[in-house]
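Worksheet for the structure shown next.
What follows is calculated from the coordinates using simple rules that are stated; it is not laboratory data. Predicted model, so just to flag it, every value in this text is computed and none were measured. Quick reminder, even Gly has a Cβ in these numbers, built from the backbone with ideal geometry, and neighbours come from all protein chains shown.
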Amino acid sequence: MPEIVCPSCGAHFKIEEMDYEGEVSCPSCKALLHVIISEGVVEEVDLIEEGFEEESWLEDEDLWETEEEEEEDWGLAEEDFWEEE
C-alpha cells in the first residue's frame, strides 16, 4: 500500500489504491490533497485546501465553555446527592 505524507500536518497514512489520481482527505487534519499514484508509487501530493491543527482551536478561548455555562440548575441542591449513613 502506498504511503502518503500530508503536506499540511505531516501525518503518514496509507491508501489501498495502487493506481490513483484524485482527491484524498487527510485522516488527521482533514486537509484536501490531490494525489497521483502509479503502480504503487506516490508520484505527487499537492495541497488543495489546508486542514486544521488540533491545537489551533484550543487557543481560541471563544470556543471554550466557561464554568457558568457548564453549571446548569437542575433544581437539585448539593445536599440531594449526599446519602446519610
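Here is the figure for segment 5-21: residues that are in contact with a strand residue (DSSP E or B) (Cβ under 8 Å, 6 or more places away or on another chain) and under 12 Å from Leu47 (Cα atoms) total 4.
Taking each residue of segment 2-23 that is surrounded by 10 or more Cβ atoms within 10 Å (Cβ to Cβ) and looking for partners that are basic (Lys, Arg) with beta-carbon atoms closer than 8 Å, six or more apart or interchain, yields Pro2/Lys14; Ile4/Lys14.
Filter segment 18-43 down to the residues that are part of a loop (DSSP other than H, G, I, E, B) and under 23 Å from the mean Cα position of the chain (by Cα) and list them by number.
Selection gives Cys26, Pro27, Ser28, Cys29, Lys30, Ala31.
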